[in-house]
1. Just to be sure I understand the filter: pairs with C-beta atoms under 6 Å, separated by 6 or more residues or on different chains, first member in region 84-101 and over 14 Å from residue 54 (Cα atoms), second member among the hydroxyl-bearing types (Ser, Thr, Tyr) and buried (at least 17 other Cβ atoms within 10 Å of the Cβ). Which pairs pass?
2. Name every residue in region 42-59 that is surrounded by 15 or more Cβ atoms within 10 Å (Cβ to Cβ), out of contact with any Phe, Trp or Tyr (no Cβ under 6 Å at 6 or more places or on another chain) and closer than 18 Å to residue 16 by Cα, in order of residue number.
3. Please find, within region 35-78, the residue that is nearest to the chain's Cα centre (by Cα) out of those that are within 14 Å of residue 95 (Cα to Cα) and in a strand (DSSP E or B).
4. Kindly establish whether residue 72 is within 18 Å of residue 37 (Cα to Cα), in contact with a strand residue (DSSP E or B) (Cβ under 8 Å, 6 or more places away or on another chain) and among the charged types (D, E, K, R).
5. Kindly provide the set of residues from region 16-59 that are free of Cβ contacts under 8 Å to residues at least 40 places away in the same chain and of a type in the set (Lys, Arg), ordered by number.
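Every number here is computed from the coordinates shown, using simple stated rules; none is lab data. The shown structure was predicted, so the numbers you read here are calculated from the model rather than taken from an experiment. In this analysis, Cβ positions are derived from the backbone assuming ideal geometry, glycine residues included, and neighbour counts consider all displayed protein chains.
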Amino acid sequence: MKLMFMYQAVDDLPAALAFYRDELGLAESWREGDSTVAFDLPGSPIQLMLDVPPDDHPRWKSGMFCEVPDVDAFVKEHPDFTWVGEVIAVPDGRSAAFTDPAGNTIHVFDQGTESADHA
């Protein structure tokens with residue numbers, strides 16, 4: 001697992017964007033549609049990702065977002081984790097979420113192209 005993003009779920013992206021960009025001075029790194037924006041964190045390879053979740057499912061709680069080589073393999077290798085929802089498709093890959101013993105959400109994702117056997 002490689003930590004890539006600190007994921008922050010937000011209700012109002014324009015307000016959050018204004019706060020992190022204008023008040024905290026963070027530089028925008030990339031956007032995905034109208035619901036997700038990422039910022040560079042000075043002195044760190046980790047980015048802050050703000051996202052308006054599509055629904056109120058617990059899988060969208062804020063937490064670490066870690067890259068793994070293959071999400072489906074990672075899920076199969078860790079059957080005793082407390083998984084939150086199913087593996088889902090994300091842009092250019094797949095993602096899943098689980099909780100640690102304290103109930104904190106940890107997201108894993110891969111950057112592989114989604115194949116027909118995952119659809």
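1. That search, which allows pairs on different chains as well, returns 97/105; 99/105.
2. 50, 51, 52, listed by residue number.
3. So, considering only residues that are within 14 Å of residue 95 (Cα to Cα) and in a strand (DSSP E or B), the one nearest to the chain's Cα centre (by Cα) is 65.
4. So residue 72 fails the test.
5. Within region 16-59, 21, 31 qualify.
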